[in-house]
Amino acid sequence: MPQIEPSNAFSALGLEPAIVMALDDLHFVEPSEIQRLMIPVALTGADIIGQARTGTGKTAAFGLPILQRLDLTQSLQALIVTPTRELAIQVEAEMVRFARHKVARMIVVYGGQKIQHQTKLLERHPHVVVGTPGRILDLNQRGSLPLANMKFVVFDEVDRMFDIGFRDDVRKILALCKAPRQTIFVSATINDDIERMVHQHMTNPQRIFTAKADETLTNPEAVQYVVGVQPWDKLRALRCLIQHEQPGLAIIFCRTKRSVDKVAHGLCERGVNASAIHGDLLQNQRERVMRGFRTGKINVLVATDLASRGIDVHEISHVINYDVPEDPEAYVHRVGRTARMGATGKAFTFVSLGQAQLQTEIEKMINHLLEEYRIPGFTPSMEPSKRPGAVPHPAQDGRSAPDGAPGAPAESQTAAPAADGYAPTSFSAAEPTIVTRRPISGRFPTRRRR
Ligand code: AMP
C-alpha cells in the first residue's frame, strides 16, 4: 500500500478512529479533493453548499462527518434526500459501509416498495434515513417519520431534484425539519434556483466548489466525442459503434422511455447483452436490472436520465448519448457515469443536423470542445423518404429505417457514398477518424460551422 503523508490522511481531517478504520477496510487511501475540503468544514456543523464533479467521493464528503457527529442515544437524527431510488439505495449502502465500526443504524425509504415494510424499518429507530422526497413526505404524513428533530439534513444531487419537479417537496421537507440543524446541499452543478433556496434555508453557508471556472466540469479521464449521425441511422450506428468498441460495461442514454425500449430491443436482436431501465418498470424490475449491470451479467444498460445521476458502477467504460441531452447539465451527469475515481472511459454523443446548438450549449457548459468521431465501417444511408420506391408517409420522417430497407446499408459494409449523395463531410465515414479541433478556453463562438 502506498505511503501517505500524515497530513494527507483521513485522520488529519479530524475523523475519529472508528471511521478511519472503516475507510482502511474499504481501501480508501487518500481523501479526494471534495472530501479534503468538505469534511473539516462539515465537522464544525456549518451549513454547506458543495459542488464537485460527479464520482469524486461526495457521499463520503457529507456522510463521514454526519456519522461522526451523530448522537447514538437518539434516533431519527439525519435525513439524506436523493432524487432517485437507485441513488438512495446506493447512498445508504455506502453509509452502512462507513459505519461498520459504529453502532449507527441506517435505513432507506423510496417509492415503489411496500410502505408497510418501510414503516416496520422505521420502528427499529434508525439514526439515519436515506430516501426519495415523495416517500419521505408520505411516511411523514402517516406519522411514521417525524422530521422535527432532524439535526442533519442533506440534499444530494439537488439540481436534479429541481429538474424533476421535486422543488416543492424539497421546500416542504425543509419546513418540516424544524430543529436547529446542519443543512448540506451537494451537486455537480449549482444554478440560480439552488442559490435562492440556499439563501432561504441555510445560515451562513460555506461554499465549497471544486470545479474551478476554467476547468472542465466532466472528468478529464473521460475522452469525449461527438458522432454526426442522422436520426434514421442511429440504431445502425450504435450497433456499429458497440461492435467496434466492445465496451466492458456501457450505458446508453435515450430521451424517452419508448426509445429506451426500442434501442434495447434493437441491440438484443443483434446479440448484444442489453437491458432497458426507465421509470415505467416496476421497482423490483429496476433493482434486478441494476443488480445485473453491477455484477456484469448485463453489459449494456439502455436508460433514460433516471440512471444519469449518482449511479456508481466502477467499470463503466462507455457512455453513449444516443439522444443528445437537451439540458447541458444532464450531459455532465451522464458522462459522469464513466471514468469514476481515476478510471478511464469514453463518452460518445450522437448529434444530428439541426442539433449543433445543443452541442454548443454542452461545450460551453463543460468548457471543452468535443472531438468529432467517425465510426469505422459505418456508412450513412439515404433519408427513408428519398429512397427509391419509397412511398412518402408522414411516419417516414427519418425517425427510423428498418435495417435492410432500400437505401439502408448493411452494418458491415465499407464506406461508400450514400446513393442520394447525401453525405455531408462531417457525417460520412471514409476512415476511422477522430477530428481534433483546437481547444479553446473560456470563450466560445456563438455560431459554429459544421
Ligand atoms: P461518490 O462520488 O460518492 O458516488 O463516490 C464514487 C466512488 O468512489 C464510490 O464507489 C466510493 O466508494 C469511492 N470513493 C469515494 N471516496 C474514495 C476515496 N477517498 N478513495 C477511494 N475510493 C473512494
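The values are calculated or read from the model by the stated rules, or taken from the named source; none is laboratory data. These numbers were taken from a predicted model, which means no experiment stands behind them. Cβ coordinates were reconstructed from backbone atoms using ideal geometry, including for glycine residues, and neighbour counts include every protein chain displayed.
Show me the helices (runs of 4 or more DSSP H) entirely contained within region 96-211 in which 1 or more residues are in contact with a Leu (Cβ under 7 Å, 6 or more places away or on another chain) and surrounded by 15 or more Cβ atoms within 10 Å (Cβ to Cβ). Reasoning before the result, please.
Working: elements: 115-122, 133-141, 158-163, 167-176, 192-201.
Because the criterion is at least 1 residues that are in contact with a Leu (Cβ under 7 Å, 6 or more places away or on another chain) and surrounded by 15 or more Cβ atoms within 10 Å (Cβ to Cβ), the helices (runs of 4 or more DSSP H) in region 96-211 that meet it are 115-122, 133-141, 167-176, 192-201.
The set of residues in region 23-49 being within 7 Å of the ligand (Cβ to nearest atom), closer than 13 Å to Phe62 by Cβ and β-branched (Val, Ile, Thr) is empty.
Just one of Val108, Val103, Val96, Val129 is assigned by TED's automatic domain parsing to the domain that holds Gly45 and under 16 Å from Thr183 (Cβ atoms); which is it? Let's see the steps before the verdict.
Working: Val108 fails: under 16 Å from Thr183 (Cβ atoms); Val103 fails: under 16 Å from Thr183 (Cβ atoms); Val96 fails: under 16 Å from Thr183 (Cβ atoms).
So the residue among Val108, Val103, Val96, Val129 that is assigned by TED's automatic domain parsing to the domain that holds Gly45 and under 16 Å from Thr183 (Cβ atoms) is Val129.
Being modelled with pLDDT of 95 or more, in the same structural domain as Leu13 (by TED's automatic domain parsing) and away from the ligand (no atom under 16 Å from the Cβ): is that true of Leu64 here?
Numbers: modelled with pLDDT of 95 or more: yes; in the same structural domain as Leu13 (by TED's automatic domain parsing): yes; away from the ligand (no atom under 16 Å from the Cβ): no.
No, not satisfied.
Leu76 satisfies every condition listed in (1) more than 21 Å from His201 (Cα to Cα); (2) surrounded by fewer than 20 Cβ atoms within 10 Å (Cβ to Cβ) except (1).
For region 373-386, a residue qualifies if it is surrounded by fewer than 19 Cβ atoms within 10 Å (Cβ to Cβ) and in contact (Cβ under 8 Å) with a residue 60 or more places away in the chain, and the qualifying residues are Pro376, Gly377.
Can you tell which of Val91, Val41 is touching a strand residue (DSSP E or B) at 6+ places or on another chain (Cβ under 9 Å) and crowded, with 24+ Cβ neighbours inside 10 Å?
Numbers: Val41 fails: crowded, with 24+ Cβ neighbours inside 10 Å.
From the options Val91, Val41, the qualifying one is Val91.
Whether a residue is of a type in the set (S, T, N, Q), over 18 Å from the mean Cα position of the chain (by Cα) and not assigned by TED's automatic domain parsing to the domain that holds Ala188 was assessed, and Ser352 passes this test.
Listed here are the residues, each with its yes/no results for (1) modelled with pLDDT of 95 or more; (2) more than 14 Å from the ligand (Cβ to nearest atom).
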site: Arg69; (1), (2): yes, yes
site: Leu79; (1), (2): yes, yes
site: Arg85; (1), (2): no, yes
site: Ala99; (1), (2): yes, no
site: Val108; (1), (2): yes, yes
site: Gln113; (1), (2): no, yes
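Gly271 is checked against (1) at negative phi; (2) free of Cβ contacts under 8 Å to residues at least 12 places away in the same chain and fails just one. What number does that condition carry? Of (1) at negative phi; (2) free of Cβ contacts under 8 Å to residues at least 12 places away in the same chain, only one is false for Gly271: (1).
Selection within region 38-58: residues that are at pLDDT 95 or above and assigned to a helix (DSSP H, G or I). The member of this set that is nearest to Thr183 (Cα to Cα) is Ala42.
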